[in-house]
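*Asks:* Have a look at the structure that comes next, please.
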Amino acid sequence: MAETYRALVVDKAGEGTEVALIERSADELPAGEVTIRVAYSSVNYKDGLATLAKGGVVRKWPLVPGIDLAGTVAASRDPRFAEGDEVLVTGYDLGVAHDGGFAELARVPGDWVVKRPDGLSLRECMAFGTAGFTAALALDALDRHGVTPAAGPAIVTGATGGVGSIAVSMLSGLGFEVAASTGKAGEHDYLRSLGASRILSRDEVSAETRPLDAAMWAAAVDQVGGSTLPWLMARMTYRGAIASTGLTGGPAFKATVLPFLLRSVAILGIDSVFCPMAERLVLWQRMADDLKPPHLTDMIAAETGLDGVKDVLASILKGGVRGRTVVRIA
Ligand SMILES: NC(=O)c1ccc[n+]([C@@H]2O[C@H](COP(=O)([O-])OP(=O)(O)OC[C@H]3O[C@@H](n4cnc5c(N)ncnc54)[C@H](OP(=O)(O)O)[C@@H]3O)[C@@H](O)[C@H]2O)c1
């Protein structure tokens, strides 16, 4: 008889969805060359969206959500991986169109698999997860654009979230003077402990703005979009750059081209899902080295088990989660 494993499954139920922790047979694992015994996963905003009937991310029902996983190879038909290898997977179709990380077993195409970088434990890999990888992509894009700490201060919006917390910590570690904007009045000390030297309110950075205002920021990592992106555009210094990573404040924005034409401001689009593998491997190794935040596991990451995921998913959709939540599976 095939092995059984526990999995969190989301399915359509009437107009809404139902999320349940169930026992499955290994026969039900999806196609793929690499079978992984999952040790840790993590909760991202996109996982919250995956529990909604109209969240816009799920392309297969029923689905095991979880866009991140880290664990040990249980079996492999891909010569690049062998039983016992410690690996991680983030992005691609994982947790949206292919069963994901909120399960004790997963099976994925070999092309999605990254070997655990030296210097990171499996738990640390998931303390980063997609959020940390996205923050790393944002910093790499800013760096390639030529924005250095000498150019001026950086700002991170949605700063207490997963991408935000890690971006604050990474920017500070690289020597930037960092400002953080948050809607959580009670988390200013948390942001200061991650390296922010100035805190702005979410209301301030989402207020209506004129097209250009006093230039303040050389770099920005923006989780919010919506009315916050034009607010940032109006306040970037000459040749400043905004890494646009998220849309918690909405996908649409209304702005003018003046920041582009008069200050050479750049908006750098950041996608973590289909980032090419060669770039992934380099960045994950950097995340184990110069981009590793000093407080990754003690301050930024909390932990839950598979049975606690449902509550965290509900909370992350309301902007209620601080930092990252690692899901202990094994
Ligand atoms: N481009 C990519 O590949 C990629 C990868 C990962 C994530 N993302 C996107 O990046 C964003 C952040 O993801 P995450 O996993 O870090 O989520 P998260 O942990 O939930 O963080 C999002 C943060 O945004 C702020 N926020 C929440 N609701 C808001 C609202 N209505 N208006 C303004 N700010 C709000 C909150 O921070 P404060 O309370 O501190 O303001 C919240 O903690 C999401 O939009 C996600 O879809 C994109």
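*Asks:* Only helices at least 15 Å long along their axis, Cα-based, and averaging 0.5 or more on Kyte-Doolittle count here, so list those DSSP H runs from the chain.
*Replies:* Working: long enough: 122-145 (32 Å, 0.46); 162-173 (17 Å, 1.40); 277-288 (17 Å, 0.19).
The answer, listed by residue number, is 162-173.
*Asks:* In vacuo Debye scattering of segment 137-189, one point per C-alpha: log10 I(q)/I(0) at q = 0.30 Å⁻¹?
*Replies:* Computed log10 I(q)/I(0) values: -1.26.
*Asks:* Here's a follow-up. Can you work out the FRET efficiency for the pair residue 210 and residue 285, with r the C-beta to C-beta distance and R0 = 41 Å, to the nearest 0.05? The partial results should precede the final answer.
*Replies:* Details: r = 43 Å, r/R0 = 1.05.
Using R0 = 41 Å, I get an efficiency of 0.40.
*Asks:* Within segment 175-233, report the GluC sites (Glu not before Pro) that DSSP leaves as loop and that have at most 12 other Cβ atoms within 10 Å. Intermediate values should be presented prior to the final figure.
*Replies:* Numbers: sites: 177, 187, 204, 208; in loops: 177, 208.
Within segment 175-233, the qualifying GluC sites (Glu not before Pro) (loop, at most 12 other Cβ atoms within 10 Å) are 208.
*Asks:* At a 1.4 Å probe radius, carbon and sulfur cover how many percent of the accessible area of segment 235-330? Show your work: numbers first, answer last.
*Replies:* Working: 2830 of 4890 Å².
That fraction is 58 percent.
*Asks:* Calculate the radius of gyration of the Cα atoms of segment 1-119 to one decimal place, then report Dmax, the largest Cα-Cα distance, as a whole number, both in Å.
*Replies:* 13.9, 47
*Asks:* If you build a Gaussian network model of the chain, linking Cα atoms that sit under 10 Å apart, which residue out of 222, 298, 189 swings the most?
*Replies:* 298
*Asks:* Report, to one decimal in Å, the Kirkwood hydrodynamic radius for segment 131-226 based on all distinct Cα pairs.
*Replies:* Working: mean 1/r = 0.0753 Å⁻¹.
After inverting the pairwise mean of 1/r, the radius is 13.3 Å.
*Asks:* Mind checking the per residue accessible area of segment 1-159 for me, 1.4 Å probe, whole number of Å²? Mind showing how you got there, number by number?
*Replies:* Working: 5990 Å² over 159 residues.
Result: 38 Å² of accessible area for each residue.
*Asks:* For the chain, the longest stretch holding no trypsin sites (Lys or Arg not before Pro) located in a DSSP loop with at most 15 other Cβ atoms within 10 Å is which? Working shown, then result.
*Replies:* Values: sites that count: 54, 59, 60, 77, 80, 254, 318.
Between the exposed loop sites, the longest stretch runs 81-253.
*Asks:* Note down, for segment 188-330, the three equivalent ellipsoid semi-axes (square root of 5 times each alpha carbon gyration tensor eigenvalue), biggest first, whole angstrom. Please list the in-between numbers first.
*Replies:* Numbers: eigenvalues 184, 74, 51 Å².
Listed largest to smallest, the semi-axes of segment 188-330 are 30, 19, 16 Å.
*Asks:* From the convex hull of the Cα coordinates of segment 251-330, what is the mean projected area in square nanometres? All intermediate terms of the calculation are to be shown ahead of the outcome.
*Replies:* Numbers: hull surface 36.3 nm².
Directional mean of the projected Cα hull area for segment 251-330 stands at 9.1 nm².
*Asks:* Calculate the dipole size of the chain relative to its Cα centre from +1 charges on Lys and Arg beta carbons and -1 charges on Asp and Glu beta carbons; express the result in debye to the nearest 20. Don't skip to the end; give the middle numbers.
*Replies:* On the way: 32 positive and 38 negative charges, 176 e Å.
With only Lys, Arg, Asp and Glu charged at Cβ, the dipole is about 840 debye.
*Asks:* Can you pick out the pairs among 54/254; 54/318; 54/310 whose Cα atoms lie more than 20 Å from each other?
*Replies:* Details: 54/254 24 Å; 54/318 16 Å; 54/310 17 Å.
As for pairs spanning more than 20 Å Cα to Cα, those are 54/254.
*Asks:* I've got another one for you. Which whole-Hz couplings ³J(HN,Hα) result when phi for each residue of segment 36-50 is put into the Karplus expression 6.51 cos²θ - 1.76 cosθ + 1.60, θ = phi - 60°, listed in order with x for Gly and Pro?
*Replies:* Using θ = phi - 60°, the values come out as 10, 7, 6, 9, 9, 10, 7, 9, 10, 3, 5, 5, x, 4, 5 Hz.
*Asks:* Now a separate question. Accessible area per residue for segment 227-326 in Å², computed with a 1.4 Å probe and the full protein assembly in place, what is it?
*Replies:* Numbers: 4770 Å² over 100 residues.
Heavy-atom SASA per residue in segment 227-326 reads 48 Å².
*Asks:* I want to verify the translational diffusion coefficient of the chain in µm²/s; compute it with Stokes-Einstein, Rh as the Kirkwood radius over Cα pairs, at 4 °C and 1.567 mPa s. Show your work: numbers first, answer last.
*Replies:* Working: Rh = 20.1 Å.
For these conditions, the coefficient is 65 µm²/s.
*Asks:* Let me ask another. So, with a 1.4 angstrom probe, what is the percent of accessible area on segment 1-132 that is carbon and sulfur? Mind dumping the intermediate values first?
*Replies:* On the way: 2470 of 5170 Å².
On segment 1-132, the fraction of accessible area on carbon and sulfur atoms equals 48 percent.
*Asks:* Could you please state, rounded to a whole Å, how far the C-alpha centre of segment 135-163 is from the C-alpha centre of segment 56-107?
*Replies:* Using only Cα atoms, the two centres lie 29 Å from each other.
*Asks:* Something else now. Can you list the GluC sites (Glu not before Pro) in segment 37-114 that are in a DSSP coil and have 15 or fewer other beta carbons within 10 angstrom? It would help to have the intermediate numbers written out before the result.
*Replies:* On the way: sites: 83, 86, 104; in loops: 83, 104.
Counting only loop positions with at most 15 other Cβ atoms within 10 Å, the GluC sites (Glu not before Pro) in segment 37-114 are 83.
*Asks:* Further question: What percentages, rounded to whole numbers, describe P(r) for segment 222-265 computed over all alpha carbon pairs with 5 Å bin width beginning at zero?
*Replies:* 6, 25, 32, 23, 12, 2
*Asks:* Return the Rg/Rh value of segment 73-138, two decimal places, where both radii are evaluated on C-alpha atoms and Rh is the Kirkwood radius. Could the numbers behind the result be given before it?
*Replies:* Details: Rg = 12.0 Å, Rh = 12.8 Å.
Answer for segment 73-138: 0.94.
The values are calculated or read from the model by the stated rules, or taken from the named source; none is laboratory data. Keep in mind the model is a prediction, meaning the values are calculated, not measured. Here Cβ is always computed from backbone atoms with ideal geometry, including for glycine, and neighbour counts include all displayed protein chains. Note: areas computed on protein heavy atoms with side chains; ligands, DNA, RNA excluded. Shrake-Rupley method; radii C 1.70, N 1.55, O 1.52, S 1.80 Å.
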